[in-house]
Amino acid sequence: MPLTARQRSIHNKNGTKRSSSFNKGKKSRKTSESEFLMTNAPSDLRSIAYPGGAAALVLLLISRLTSAYWGQISDCDETYNYWEPLHYLVYGSGLQTWEYSPAYAIRSYMPLWLFAVPAKILSFMMAPVNVFYTLRAILAALTACAELMFYKAVCHEFGVHVGRVWLFLTLPSAGMFASSAAMLPSAWSSALVTAALACWWRRRYPFAVLLTAATTLLSWPFTAILGLPIAIDMLMYKKLYVEFFKWSAVSLIVILLPTVLVDSWHYGRLVVAPWNIVAYNIFTEHGPDLYGVEPWTYYFVNGFLNFNVVWVLALSAPLALAACMVAAPRSTGRASFCAPYWLALMPLALWLAVFLAQPHKEERFLYPVYSMIVLAGAISLDCVQKLTYAVGTEVFGWRKEREKRHYLAYTGPLMIACVLLAGLGGISRIIALHHHYHAPMTILSHLPPTGGGSKNVCFGKDWYRSPSSFHLKDGYRIRFVASEFAGQMPAPYSETSNATRIVHSHFNGLNRGDDSTYLRPSQCHYLVHSEGVATARQPAYHLWPEWQTVAAYPLLDAARSPPLRRAFYAPGLSGLVYTKLHLLRNVIYVV
């Protein structure tokens with residue numbers, strides 16, 4: 001029975017009375033899950049308002065589709081490791097990274113084909129940039145559906161109040177805005193893990209195992225860690241040995257076998273990409289430490305930027321639960337069919353413990369547990385309300401008012417204040433990111449038609465700002481010119497039928513740059529370039545007479561802007577420094 005119907009039955013006091021009278025004299029039996037929810041709800045639950053499934057889905061779709069169309073690509077890995085290979089599968093051209101070299105083969109083509117098939121169909125009806133935004137909309141819609149499952153499961157497992165708080169905290173979250181439409185394995189895993197946990201809490205174990213296998217084998221192998229609590233519950237608590245191993249075997253056949261076949265065909269040899277990425281990150285001398293090494297404080301700062309007060313509440317959840325169990329033990333009791341708090345919140349604890357210890361830290365690495373961060377924040381806020389009520393009953397004698405005996409009747413303003421504060425912080429962060437960094441998503445729209453032949457659009461020091469080849473008109477291709485960046489750059493896929501099987505000498509696994517992949521500036525028809533300090537390898541192209549500005553957009557100069565002021569948007573805020581991102585045309589093109 002759906003949750004909303006179940007809760008409506010709770011609201012009908014006369015119906016509950018009739019049910020109890022009909023059962024008089026009957027032999028007692030074990031209380032079912034539905035009966036527990038009917039008979040153990042507070043008598044004033046009828047006063048709790050919460051969105052039903054349809055309303056929640058509409059709210060989630062609006063929020064996530066907004067991200068699809070107004071969000072930006074915040075990680076160059078999304079562009080070069082996913083949008084560019086996808087562009088190659090759809091249009092036959094794009095940029096290849098060393099991870100897709102057959103010599104390393106640590107990326108799988110299988111998940112890309114799940115998007116390439118609809119993208120190929122769409123390519124006959126619309127321009128590449130429209131295909132790009134349509135795919136982002138599909139990702140956003142799928143994420144919203146997974147979150148709807150999560151919302152219903154949270155209402156079922158942790159209560160309607162925690163469920164509605166989770167919903168209203170997640171809608172304006174800057175973290176969810178960034179991840180929901182991203183073409184990244186960590187973002188796909190965010191949706192898959194969210195759905196897997198929802199199925200676990202609703203006791204739909206086969207789907208929980210299948211979705212956990214999908215995020216592990218098809219998306220990001222390290223998310224297998226998040227399935228550990230599900231395995232513990234099935235094997236140690238529920239003793240579902242046959243079901244667990246049966247669906248695990250089915251998952252291997254249905255998911256891993258096609259993945260191995262597709263990747264082996266692309267790379268021209270037997271390849272198990274999920275194992276390759278695990279082996280590279282764990283069993284090589286350098287592992288992932290060649291890229292993005294950050295201090296231990298990185299995730300604490302990043303978590304606050306993306307979730308503000310919710311992040312503080314989430315980190316405080318263990319203490320809040322412990323305090324609540326001491327001060328108000330009856331309010332933290334769990335039904336027999338519910339997982340204990342420590343097991344339900346274990347995915348978040350495991351993930352943070354593992355990734356806080358890694359030198360290589362990136363914002364996207366926390367995407368898979370974003371829904372759990374908000375859930376921990378909602379549970380913590382619920383505990384704060386219960387503790388406030390417990391203090392109030394002793395100090396102010398709140399229990400004397402018979403019509404207001406439930407803690408929510410007294411602590412509602414506290415919850416509303418926290419939700420509004422988190423919402424304002426999230427929206428402020430979202431506006432700041434769009435206002436400061438959206439220029440790369442629009443500047444390539446000013447490219448004129450090629451008029452036949454092919455033309456080069458080059459990136460130099462702004463190579464990490466490329467929004468992908470999907471933003472180019474027909475006949476254009478992205479290339480690079482030298483800059484101060486000494487690391488390894490992507491290179492074009494070969495224009496042959498076996499391009500994915502060719503081993504190129506300019507790719508290596510040590511992030512060493514190779515100048516042979518660069519063009520001379522004179523070989524570029526257009527150049528994307530930001531103003532800034534000029535150097536020998538990064539000259540001020542926008543001041544050169546042979547380069548003419550076609551379009552220019554403001555772009556935040558993060559190095560010269562105060563961190564707190566640039567992190568959140570406030571009208572009339574001063575002290576921010578902007579530069580310009582130029583689209584330059586070579587007026588004296590020479591091959």
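Hey, can you tell me all the residues within the range 405-427 that are loosely packed, with under 14 Cβ neighbours inside 10 Å and in contact (Cβ under 8 Å) with a residue 24 or more places away in the chain? Correct list: LEU421 only.
In the range 569-591, the residue that is least open to solvent (accessible area, probe 1.4 Å) out of those that are without any contact (Cβ under 8 Å) to a residue 24 or more places away in the chain and of a type in the set (Gly, Ala, Ser) is GLY575. Considering only residues that are in contact with a Ser or Thr (Cβ under 9 Å, 6 or more places away or on another chain), over 30 Å from LEU261 (Cα atoms) and not acidic (Asp, Glu), which ones fall in the range 108-151? Hits for the range 108-151 are MET126, VAL129, ALA144, MET149, PHE150, TYR151. Of all the residues in the range 111-138, those that are over 21 Å from the mean Cα position of the chain (by Cα), more than 16 Å from GLY94 (Cα to Cα) and part of a helix (DSSP H, G or I) number 5. Out of ALA127, ALA105, ALA119, report the one residue that is of a type in the set (A, V, I, L, M, F, W, C), under 24 Å from GLN488 (Cβ atoms) and at pLDDT 95 or above. ALA105 is the lone residue from the list that is of a type in the set (A, V, I, L, M, F, W, C), under 24 Å from GLN488 (Cβ atoms) and at pLDDT 95 or above.
When residues of the range 450-498 are filtered for being assigned to a loop (DSSP other than H, G, I, E, B), within 19 Å of VAL129 (Cα to Cα) and among the β-branched types (Val, Ile, Thr), how many remain?
1
Checked across the range 309-330, the condition of being in contact with a helix residue (DSSP H, G or I) (Cβ under 7 Å, 6 or more places away or on another chain), assigned to a helix (DSSP H, G or I), polar (S, T, N, Q) and buried (at least 16 other Cβ atoms within 10 Å of the Cβ) holds for no residue. Reported count of residues in the range 34-70, each being closer than 23 Å to ALA146 by Cα, at pLDDT below 95 and crowded, with 16+ Cβ neighbours inside 10 Å, is 2.
Figure legend. Inter-residue proximity from the range 257-283: first residues on the phi < 0 side of the Ramachandran plot and of a type in the set (Ser, Thr, Tyr), second residues in a helix (DSSP H, G or I) and open to solvent by 50 Å² or more (accessible area, probe 1.4 Å), beta-carbon distance below 7 Å, spacing 6+ or different chains. Indicated pairs: TYR267/ARG501.
Can you work out which of the residues in the range 255-293 that are of a type in the set (Phe, Trp, Tyr) and closer than 26 Å to TYR493 by Cα is surrounded by the most Cβ atoms within 10 Å (Cβ to Cβ)? Full working, then the answer.
First, pick out the residues of the range 255-293 that are of a type in the set (Phe, Trp, Tyr): 265, 267, 275, 280, 283, 291.
Subsequent filtering for residues that are closer than 26 Å to TYR493 by Cα retains 265, 267, 275, 280, 291.
Working: TRP265: 13, TYR267: 22, TRP275: 14, TYR280: 17, TYR291: 12.
Applying the filter and picking the extreme gives TYR267.
Somewhere in the range 481-492, is a residue more than 25 Å from GLY532 (Cα to Cα) and touching a residue at least 12 places away in the same chain (Cβ under 8 Å)? Yes. Selection of first residues in the range 115-127 that are over 17 Å from ALA181 (Cβ atoms) and of second residues that are of a type in the set (Lys, Arg), restricted to Cβ pairs under 8 Å at least 6 apart or on distinct chains, gives the following pairs, ordered by first then second residue: ALA127/LYS473. Of the residues making up the range 226-254, those that are within 18 Å of PRO347 (Cβ to Cβ) and surrounded by fewer than 13 Cβ atoms within 10 Å (Cβ to Cβ) are MET236, TYR237.
Which of the residues spanning the range 80-100 are of a type in the set (S, T, N, Q), buried (at least 22 other Cβ atoms within 10 Å of the Cβ) and not in a helix (DSSP H, G or I)?
Looking only at the range 80-100, we keep the residues that are of a type in the set (S, T, N, Q), and these are 81, 93, 96-97.
This time we only want the ones that are buried (at least 22 other Cβ atoms within 10 Å of the Cβ), so: 81, 96.
Listed by number, the list holds a single entry, GLN96.
Of the helices (runs of 4 or more DSSP H) contained entirely in the range 173-292, those carrying at least 3 residues that are in contact with a Cys (Cβ under 7 Å, 6 or more places away or on another chain) fall at 205-214. Counting the residues of the range 341-353 that are under 18 Å from the mean Cα position of the chain (by Cα) and either open to solvent by 50 Å² or more (accessible area, probe 1.4 Å) or within 21 Å of ARG202 (Cα to Cα) (or both) gives 3.
In the set ARG560, ARG585, ARG537, ARG566, which member is among the charged types (D, E, K, R), out of contact with any Phe, Trp or Tyr (no Cβ under 8 Å at 6 or more places or on another chain) and under 15 Å from CYS458 (Cβ atoms)?
Details: ARG560 fails: under 15 Å from CYS458 (Cβ atoms); ARG585 fails: out of contact with any Phe, Trp or Tyr (no Cβ under 8 Å at 6 or more places or on another chain); ARG566 fails: under 15 Å from CYS458 (Cβ atoms).
Answer to the check: ARG537.
What do you reckon, is LEU167 part of a helix (DSSP H, G or I), open to solvent by 10 Å² or more (accessible area, probe 1.4 Å) and in contact (Cβ under 8 Å) with a residue 60 or more places away in the chain? Even if it seems obvious, please write down each step before you answer.
Working: part of a helix (DSSP H, G or I): yes; open to solvent by 10 Å² or more (accessible area, probe 1.4 Å): no; in contact (Cβ under 8 Å) with a residue 60 or more places away in the chain: yes.
So LEU167 does not fit the description; no.
All of ARG566, ARG501, ARG560 fail the test of being open to solvent by 80 Å² or more (accessible area, probe 1.4 Å) and over 30 Å from VAL90 (Cβ atoms), apart from ARG560. Residues in the range 73-92 that are under 25 Å from LYS461 (Cβ atoms) and not aromatic (Phe, Trp, Tyr): ILE73, SER74, ASP75, CYS76, ASP77, GLU78, THR79, ASN81, GLU84, PRO85, HIS87.
Residues are listed down the side, and each one gets a yes or a no for (1) assigned to a strand (DSSP E or B); (2) within 30 Å of PHE283 (Cα to Cα):
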{"position": "THR500", "(1), (2)": "no, yes"}
{"position": "HIS504", "(1), (2)": "no, yes"}
{"position": "VAL528", "(1), (2)": "yes, no"}
{"position": "GLY532", "(1), (2)": "no, no"}
{"position": "ARG537", "(1), (2)": "no, no"}
{"position": "ALA552", "(1), (2)": "yes, no"}
{"position": "LEU583", "(1), (2)": "yes, no"}
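The values are calculated or read from the model by the stated rules, or taken from the named source; none is laboratory data. Only a predicted model underlies this, so the values are computations on that prediction, with no experimental measurement involved. We place every Cβ from the backbone using ideal geometry, glycine too, and count neighbours over all the protein chains shown. Please note that ligands, DNA and RNA were not included when accessible areas were found on the heavy atoms of the full protein model with its side chains. Shrake-Rupley method; radii C 1.70, N 1.55, O 1.52, S 1.80 Å.
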